[in-house]
């Protein structure tokens, strides 16, 4: 897909990954509808993207509500035109024991990471199918295929999006509309110093948001189906499919570290 002059919606655009995805698309010449509830963060991202010479519309909206999703579609089409690419990037990650997750924690995670993604996708699909052109991009996580202890609820949500992406891609075969699922590793964004201390102790690989953003834009250009970022994580995902019991054993040491830091984060 040629991204120049395409109309791209990006949710969670004010965050570390979202802002870099936005900038990567702007550098390709795409016009952007940047969505986030934090208007202050959006302003800075929008300014950087406009400097690349593209049109930018900022939209403050709650993607978990019907009103918010309607606003996103209406304001994007009014300012830019029909949506060519939807990047479902907004997400919540709660790191703690399953027993310590409150009902609010669970509902918020599933509403943002799963429900809103599906409903916003449903909102843009009819016009994409009508034009026989478009792409849905779902930002998942390696944790959606390789679930770590204390990330169980988050992993469940990202696993759901992986399954949704896979099924949707097959359902849309022949329509001209594609689906790209991208699974980053951990990224160096706004986590606490304690989180980074834990990641170092575990030997967890973290990617720069700028690198992730560039990969997302390039994956859409190539119309890729699934992209897993980083080695050896791709190998671990394969091992988890073929030899899950071996991965269970391999994670026992990490589980102790995670248990310790779950009480601090």
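The values are calculated or read from the model by the stated rules, or taken from the named source; none is laboratory data. Since the structure is predicted, the reported quantities are computational estimates derived from the model, not experimental observations. Note: ideal-geometry Cβ built from the backbone for every residue, glycine included; neighbour counts use all protein chains shown.
Data overview
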quantity: Filter result (part of a strand (DSSP E or B) and under 14 Å from the mean Cα position of the chain (by Cα)) within the range 129-156; calculated: 136, 137, 138, 139
quantity: Spans of strands (runs of 3 or more DSSP E) in the range 1-67 with at least 3 residues under 25 Å from residue 207 (Cα atoms) and under 14 Å from the mean Cα position of the chain (by Cα); calculated: 7-11
quantity: The lone exception for residue 92 - which of (1) part of a loop (DSSP other than H, G, I, E, B); (2) under 21 Å from residue 135 (Cα atoms) it fails; calculated: (2)
quantity: Some residue of the range 68-79 being more than 18 Å from the chain's Cα centre (by Cα), surrounded by fewer than 17 Cβ atoms within 10 Å (Cβ to Cβ) and part of a loop (DSSP other than H, G, I, E, B); calculated: no
quantity: Top-ranked residue of the range 176-205 - restricted to ones that are at pLDDT below 75 and in a strand (DSSP E or B), ranked as farthest from residue 23 (Cα to Cα); calculated: 186
quantity: Where a residue in the range 241-253 is closer than 18 Å to residue 143 by Cβ and its partner, wherever it lies, is surrounded by 12 or more Cβ atoms within 10 Å (Cβ to Cβ) and modelled with pLDDT under 70, with Cβ under 6 Å and at least six apart; calculated: 247/240
quantity: Conditions (1) over 19 Å from residue 15 (Cα atoms); (2) in contact (Cβ under 8 Å) with a residue 60 or more places away in the chain: number failed by residue 72; calculated: (1)
quantity: Per-region count, the range 106-122, residues surrounded by fewer than 17 Cβ atoms within 10 Å (Cβ to Cβ) and touching a helix residue (DSSP H, G or I) at 6+ places or on another chain (Cβ under 7 Å); calculated: 3
quantity: Condition met for residue 247 (touching a strand residue (DSSP E or B) at 6+ places or on another chain (Cβ under 8 Å) and either part of a helix (DSSP H, G or I) or modelled with pLDDT under 75 (or both)); calculated: no
quantity: Given (1) buried (at least 17 other Cβ atoms within 10 Å of the Cβ); (2) touching a residue at least 40 places away in the same chain (Cβ under 8 Å); (3) not in a loop (DSSP other than H, G, I, E, B), index of the condition residue 159 fails; calculated: (2)
quantity: Contacts under 9 angstrom Cβ, first residue in the range 45-68 being at positive phi, partner surrounded by fewer than 20 Cβ atoms within 10 Å (Cβ to Cβ), 6 or more apart; calculated: 53/29
quantity: Unmet criterion (only one of (1) touching a helix residue (DSSP H, G or I) at 6+ places or on another chain (Cβ under 8 Å); (2) part of a helix (DSSP H, G or I)) for residue 126; calculated: (1)
